[in-house]
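The values are calculated or read from the model by the stated rules, or taken from the named source; none is laboratory data. In this text, all values refer to a predicted model and were calculated from it rather than measured experimentally. Note: ideal-geometry Cβ built from the backbone for every residue, glycine included; neighbour counts use all protein chains shown. We work out accessible area using only protein heavy atoms, side chains counted, and drop any ligands, DNA or RNA first. Shrake-Rupley method; radii C 1.70, N 1.55, O 1.52, S 1.80 Å.
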Amino acid sequence: MSKAPRNARSFETIDIADLRRLADIARERIERAFVAHPAKRALYDGHLLAICLCQGAADHFLAPAASDGVQDFDMWAFFRRRPGARLWNRKPFTADFGPSRFGRSLLDPPKYLGRRVDVLWRCIPAEPDEDAGAALRRYFAEPRTASARALRLKAAVLAWPVERAGDIIWRPDS
């Protein structure tokens with residue numbers, strides 16, 4: 001858990017509409033990254049499997065009464081790995097959720113009007129016709145990277161594709 005004090009966290013409930021908004025924010029940040037790196041777009045266009053709310057905010061989505069609240073929203077985009085292609089891994093892109101019932105963290109810079117949204121991505125193994133949920137569950141269940149080992153300690157909930165927003169991908173106790 002983050003060491004953010006209680007007054008830097010939101011305890012408001014996250015709903016499906018919020019997941020869809022978070023997915024839109026994540027997709028917009030990914031689009032901006034691809035505009036800046038068109039060669040990567042050519043490698044990965046059409047290979048986005050899913051975008052998930054992960055870590056503490058996902059735990060809060062599943063059990064708000066038992067959570068430590070939300071300091072920020074961690075959105076993870078998972079792309080189908082392509083042989084011979086590498087998607088760059090870097091520091092998270094950040095975005096602003098904007099004014100909402102979630103408020104803003106007192107720990108964030110003043111440029112954020114609402115909660116900070118961190119957008120990260122990874123490429124994972126997935127068969128061409130494999131269901132995104134199945135590929136993600138395997139990624140969490142058989143962690144082969146430091147990212148997978150860290151992510152599996154908290155929940156993961158689908159935000160995109162939007163028609164599956166709210167589907168539980170991973171619970172640490174499962």
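Couple of notes before you dig in:
- Failed item in (1) open to solvent by 30 Å² or more (accessible area, probe 1.4 Å); (2) within 23 Å of D15 (Cβ to Cβ), with E127 passing the rest: (2)
- Within region 81-106, tally of residues that are open to solvent by less than 100 Å² (accessible area, probe 1.4 Å) and either among the aliphatic types (A, V, I, L, M) or at pLDDT 80 or above (or both): 15
- Criterion (more than 16 Å from V162 (Cα to Cα) and open to solvent by less than 40 Å² (accessible area, probe 1.4 Å)) met by exactly one of D68, D74: D74
- Scanning region 91-147 for residues that are under 19 Å from A58 (Cα atoms) and among the charged types (D, E, K, R) turns up D96, R101, R104, R115, R116, D118, R122, R137, R138.
- Selected residue [at pLDDT 90 or above and either within 15 Å of L19 (Cβ to Cβ) or within 14 Å of the chain's Cα centre (by Cα) (or both)] from L113, L158: L158
Residue by residue, here is whether (1) free of Cβ contacts under 8 Å to residues at least 24 places away in the same chain; (2) among the hydrophobic types (A, V, I, L, M, F, W, C) holds:
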site: F11; (1), (2): no, yes
site: I30; (1), (2): no, yes
site: A39; (1), (2): yes, yes
site: L53; (1), (2): no, yes
site: G69; (1), (2): no, no
site: R81; (1), (2): no, no
site: A85; (1), (2): no, yes
site: L106; (1), (2): no, yes
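- Residue match in region 1-15 (condition: open to solvent by 70 Å² or more (accessible area, probe 1.4 Å), out of contact with any Phe, Trp or Tyr (no Cβ under 8 Å at 6 or more places or on another chain) and closer than 15 Å to D74 by Cα): yes
- Answer from R152, R115 - the residue that is touching a Phe, Trp or Tyr at 6+ places or on another chain (Cβ under 7 Å), open to solvent by less than 30 Å² (accessible area, probe 1.4 Å) and among the basic types (K, R): R115
- Hey, L43 closer than 30 Å to E130 by Cα, touching a residue at least 40 places away in the same chain (Cβ under 8 Å), out of contact with any strand residue (DSSP E or B) (no Cβ under 8 Å at 6 or more places or on another chain) and not charged (D, E, K, R) or not: yes
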